[in-house]
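Okay, so here's the structure we're looking at.
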């Protein structure tokens with residue numbers, strides 16, 4: 001399936017009222033700054049230049065929408081956690097993102113990205129708790145699995161499943177062997 005996916009950037013929006021209108025399932029990407037949200041988009045799209053990647057946390061400041069062959073939309077959100085911005089800017093982001101997550105009708109399911117190399121962080125748990133409190137469907141993608149030994153991948157997945165429950169998918173920006181399963185899930189959601 002991955003060979004047939006054509007992904008393109010649609011638009012950036014600061015708040016809900018600026019989000020595009022369409023009748024496709026939308027999957028917002030949640031995760032700490034630098035967890036690999038842009039690399040996830042690029043990996044699924046098989047296009048390293050589609051979403052801008054950065055080594056500096058906090059570069060994504062808007063909701064960026066990507067259309068995957070008119071099958072579904074990925075919405076890249078600003079990362080939670082570390083970002084070199086003022087408290088006022090962070091509060092504004094939080095207000096805009098809460099409104100988007102709670103009122104956006106196109107959202108089918110959230111995708112929380114966590115870094116396979118590290119233990120789940122306090123803010124990962126806080127985000128998950130907030131999402132579950134509002135009963136919003138969510139799955140987990142473990143990024144950077146290529147950076148841990150192959151014999152540790154399954155135990156890392158089991159640990160996240162135990163902590164968060166639900167679907168957990170491994171992902172590597174270096175190796176696209178996991179893409180097919182994720183794409184099939186999103187297309188058939």
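The values are calculated or read from the model by the stated rules, or taken from the named source; none is laboratory data. If you're wondering where the values come from, they're calculated on a predicted model, not measured in any experiment. Ideal geometry is used to build each Cβ from the backbone, glycine not excepted, and the neighbour counts take in all protein chains shown.
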Inspect all residues belonging to the range 140-156 and state whether any of them is touching a residue at least 40 places away in the same chain (Cβ under 8 Å) and surrounded by fewer than 13 Cβ atoms within 10 Å (Cβ to Cβ). no
Give 171, 164 a once-over and let me know the one that is in contact with a strand residue (DSSP E or B) (Cβ under 9 Å, 6 or more places away or on another chain) and touching a residue at least 60 places away in the same chain (Cβ under 8 Å). 171
Scan the range 1-50 for residues that are within 15 Å of residue 61 (Cβ to Cβ) and in a helix (DSSP H, G or I) and jot them down. 18, 37, 38
Scanning the range 40-52 for residues that are surrounded by fewer than 20 Cβ atoms within 10 Å (Cβ to Cβ) and under 15 Å from residue 75 (Cα atoms), the one modelled with the highest pLDDT turns out to be 50
Conditions (1) within 18 Å of residue 123 (Cβ to Cβ); (2) part of a loop (DSSP other than H, G, I, E, B); (3) at pLDDT 95 or above -> residue 60 fails only (3)
Consider residue 134 carefully, then state whether it is surrounded by 20 or more Cβ atoms within 10 Å (Cβ to Cβ), touching a helix residue (DSSP H, G or I) at 6+ places or on another chain (Cβ under 7 Å) and touching a residue at least 24 places away in the same chain (Cβ under 8 Å). no
